[in-house]
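See structure below.
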Protein chains: 2
Amino acid sequence: MKRKPSLKDIAEKVGVSTATVSYVLSKGKESKVSAEVSKKVKAAAKELNYQPNQIAKSLKSGKTFTIGLIVADISNPFFANIARIIEDEAAKLNYTVIFGSSDEKAEKSWDLIQFLSNRQVDGFIIAPTENSEDQIKYLKEQNIPFVLIDRFFPTINSNSVTVNNFEAAYGAVRRLIEKGSEKIGIIAYSNSLYHMRERVRGYDTVMKDHKLKVSNNWLHEIEFSDIKNGVHNAIDILLHEKPNVEAIFFATNTLAVYGLKYLDRLSVEVGKDLAVVSFDEGEAFDFYYCPLTIVKQPLGALAENAVEILIHKINDLDTKEKKVCLDTELIIRESCGRK
Amino acid sequence: MKRKPSLKDIAEKVGVSTATVSYVLSKGKESKVSAEVSKKVKAAAKELNYQPNQIAKSLKSGKTFTIGLIVADISNPFFANIARIIEDEAAKLNYTVIFGSSDEKAEKSWDLIQFLSNRQVDGFIIAPTENSEDQIKYLKEQNIPFVLIDRFFPTINSNSVTVNNFEAAYGAVRRLIEKGSEKIGIIAYSNSLYHMRERVRGYDTVMKDHKLKVSNNWLHEIEFSDIKNGVHNAIDILLHEKPNVEAIFFATNTLAVYGLKYLDRLSVEVGKDLAVVSFDEGEAFDFYYCPLTIVKQPLGALAENAVEILIHKINDLDTKEKKVCLDTELIIRESCGRK
DNA sequence: CTTCATTCTTTAATCGATTAAATAAGCAAT
DNA sequence: ATTGCTTATTTAATCGATTAAAGAATGAAG
């Protein structure tokens, strides 16, 4: 790779010291330099197509203008969309984004934090995995700015941007009830993370509030390690073991995708034999023969808030921790009833 | 942010020079240092939880172990999936990935190249936009390693990893013909990029080879600036102006998504009133009431090849340019015929 | 003709790690 | 005792940019 021109090259060309060149090229300091020299330096910089070496700048300043983004999986549309908005917001402020996928594994998440931290990212935006409390505490201790998104730990005081999972789940399941379902199953992850617990609690609570007894056959918590089979088993039980359900609430996008595919294979007709609601958008859901009622998360606001809070924190470490909880929207379509 | 311990901190703690510490901690050089000192240094490093500052390393070595990834849009599943695989492959080799979305705009692409280049990325993986030939030439001139993916410029000798777009389009449309369609429309982008031209040429050629005359109503090239309306108009013309078509070939994922939604609105039944094939996978397509016949691109191989070629080039600038063209697979489902 | 202020420019340290080269210390051979 | 040879350690330069502080040059005031 051809060596890029440095301050030194300009300095030599013009016949001044690198300090002078630096003063000319760094805004606000130009007054220190005579108009004549300034002009020559600028001309030389242009001629050589000088671009400052950000690595050198970073070493001196201790700032890299880089954000580390750690999500469960960048290829998951939910996170890919968030990543895109974070990218745009960050770019506006001259920040770049380095990303990594944790696959919901605390160990991978920790490796990523170390890895990116050694690369001196100025801060992190993290969708934390289960059992990563220690990592979050570590970041706090080290005074490394970060914002949690999508999930957070209620026991740790930190910046976070999430949605009202409890209300969202409550509202989604209430919709099923209003449309006539009484026996309702839920398929969620067996995950201790707060957002997932809240979704389950939303389900539980709305059932209780409507005096609907929940059979212990109806709550299914799937392991990340084998989502597909988990969902298939859950659906088999929900539909075929007594008391069998009239409706299913899927707690995430991915669960719903596997679920709907399997329902198709079983020739269960959604909207007729079975009512369904799900969390998250998905191109797939629009195309489904029976358009899906879903909980829509405000991805744009989620990402924008995260970047804003992070950059604030980076610029002023004394900023107090901020917890943002955003409202979701229940997009009502046909799948929540049964004809 | 608490200052992280540096070599100097260890050196002071142990009472030796930073050079000695560096020799202990950098593998292969340990033999230079006495066992006694070495032990002390290692203990101190551990105690302080020393993590080398990659920025400083990079400045010295001129290597950042960072790849710049520039795609059209990281939230597009096609690119999001590629990004994920690139991330994994890069991580294996201790590289991180910085990404940026060009939105198919040459100007944005140029800004990103400059931006990431100033951050001293070791190389780029780029899905180039239209009219970005100069940018690619610039990278060549500067001897900056890069690999083009998805698209490339036949006039510029460079690394690239693409698929056989011509054969893929040919095969997809031939399938429509074999299933009885003779009047076939195509919806593509009005884009001079080679991959798009090849897809159109595949369509043209297979029609010619089967002695099917293509009406000038049938080739629709949509602007990026207004995809949705472009697709709607195209479909209106294809279906309602004589001679109207029996089948449509969508040249990308995104075009098909808009197209199918609109067909739904028009109550056109795919697989009965109209045959359809599309490029690219999409969760949505599996769910479509009439599962879609698609051209499946080998995303894994695409990304793996790109990383491998790039890293080779980074490690040895004299490596000859490599052009990889991968085979696609036609996934045959129901949408390509009409009952 | 000093003296002091002002303006412009350079020197040199710094960020954190690496590494060639210099130095120091220990020991053996003559 | 001198020389040479190892081995262990330090010194100092380097990567590229920034910036406080020192220095030089000019001019004005006394």
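The values are calculated or read from the model by the stated rules, or taken from the named source; none is laboratory data. Predicted model, so just to flag it, every value in this text is computed and none were measured. Cβ coordinates were reconstructed from backbone atoms using ideal geometry, including for glycine residues, and neighbour counts include every protein chain displayed. Side chains included, ligands, DNA and RNA excluded: accessible areas come from the protein's heavy atoms. Shrake-Rupley method; radii C 1.70, N 1.55, O 1.52, S 1.80 Å.
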Original post:
Given the residues B:Leu176, B:Leu139, which is the only one that is hydrophobic (A, V, I, L, M, F, W, C) and closer than 28 Å to B:Ser58 by Cβ?
Top reply: B:Leu139
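From B:Tyr50, B:Tyr23, grab the single residue that is among the aromatic types (Phe, Trp, Tyr), within 43 Å of the chain's Cα centre (by Cα) and within 13 Å of DNA strand D (Cβ to nearest atom).
B:Tyr23
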Original post:
Do we find that A:Asp286 is within 14 Å of chain B (Cβ to nearest Cβ) and acidic (Asp, Glu) in this structure?
Top reply: yes
**OP:** Please work out if B:Arg265 is charged (D, E, K, R) and open to solvent by less than 40 Å² (accessible area, probe 1.4 Å).
**Re:** no
Subject >> region B:268-281, residues that are buried (at least 23 other Cβ atoms within 10 Å of the Cβ) and touching an Asp or Glu at 6+ places or on another chain (Cβ under 8 Å) >> reply: B:Leu274, B:Ala275
Original post:
helices (runs of 4 or more DSSP H) wholly in region A:239-332 with at least 1 residues that are small (Gly, Ala, Ser) and modelled with pLDDT of 95 or more - which ones?
Top reply: A:253-265, A:299-315
Original post:
So A:Ile156 clears everything in (1) of a type in the set (Val, Ile, Thr); (2) touching a strand residue (DSSP E or B) at 6+ places or on another chain (Cβ under 8 Å); (3) without any contact (Cβ under 8 Å) to a residue 24 or more places away in the chain except one condition, right? Which one?
Top reply: (2)
Original post:
What is the number of the single condition among (1) among the hydrophobic types (A, V, I, L, M, F, W, C); (2) without any contact (Cβ under 8 Å) to a residue 40 or more places away in the chain; (3) open to solvent by less than 10 Å² (accessible area, probe 1.4 Å) that B:Ala106 does not meet?
Top reply: (3)
**OP:** Could you tell me which residue of region A:53-76 is nearest to A:Ile98 (Cα to Cα), considering only residues that are free of Cβ contacts under 8 Å to residues at least 40 places away in the same chain and either away from DNA strand D (no atom under 14 Å from the Cβ) or charged (D, E, K, R) (or both)?
**Re:** A:Ile74
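Quick grid of which residues meet (1) in contact with a Lys or Arg (Cβ under 8 Å, 6 or more places away or on another chain); (2) farther than 23 Å from A:Glu178 by Cβ; (3) open to solvent by less than 90 Å² (accessible area, probe 1.4 Å):
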residue: A:Asp204; (1), (2), (3): no, no, yes
residue: A:Lys211; (1), (2), (3): no, no, no
residue: A:Glu223; (1), (2), (3): no, yes, no
residue: A:Asp226; (1), (2), (3): no, yes, yes
residue: A:His232; (1), (2), (3): no, yes, yes
residue: A:Leu238; (1), (2), (3): no, no, yes
residue: A:Asn244; (1), (2), (3): yes, no, yes
Original post:
Among the numbered criteria (1) farther than 30 Å from A:Gln135 by Cα; (2) more than 16 Å from DNA strand C (Cβ to nearest atom); (3) in contact with a Pro (Cβ under 9 Å, 6 or more places away or on another chain), which single criterion is violated by A:Ala80?
Top reply: (1)
**OP:** Identify the single condition in (1) within 10 Å of chain B (Cβ to nearest Cβ); (2) more than 7 Å from DNA strand D (Cβ to nearest atom); (3) open to solvent by 50 Å² or more (accessible area, probe 1.4 Å); (4) modelled with pLDDT of 95 or more that A:Lys2 does not satisfy, given that it satisfies every other one.
**Re:** (4)
**OP:** Could you grab me the full set of residues in region A:18-43 that are more than 9 Å from DNA strand C (Cβ to nearest atom) and hydroxyl-bearing (Ser, Thr, Tyr)?
**Re:** A:Ser26
Original post:
Which of (1) out of contact with any strand residue (DSSP E or B) (no Cβ under 7 Å at 6 or more places or on another chain); (2) surrounded by fewer than 17 Cβ atoms within 10 Å (Cβ to Cβ); (3) over 19 Å from A:Val277 (Cβ atoms) is the odd one out, the single condition A:Gly180 does not satisfy?
Top reply: (3)
Original post:
Looking at region B:5-17, which of the residues that are in a loop (DSSP other than H, G, I, E, B) and more than 7 Å from DNA strand C (Cβ to nearest atom) is farthest from the other protein chains (Cβ to nearest Cβ)?
Top reply: B:Gly15
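Condition test on A:Ser38, is it at pLDDT below 95, more than 7 Å from DNA strand D (Cβ to nearest atom) and open to solvent by less than 30 Å² (accessible area, probe 1.4 Å)?
In short, yes.
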Subject >> Odd one out for B:Leu69 among (1) within 40 Å of the chain's Cα centre (by Cα); (2) outside the structural domain of B:Gln135 (by TED's automatic domain parsing) >> reply: (2)
Original post:
If you check every pair at least six apart or on different chains, which have Cβ atoms under 8 Å apart with a residue in region A:1-28 that is under 29 Å from B:Pro145 (Cα atoms) and among the aliphatic types (A, V, I, L, M) first and a residue that is in a loop (DSSP other than H, G, I, E, B) and within 7 Å of DNA strand C (Cβ to nearest atom) second?
Top reply: A:Ala11/A:Ser17
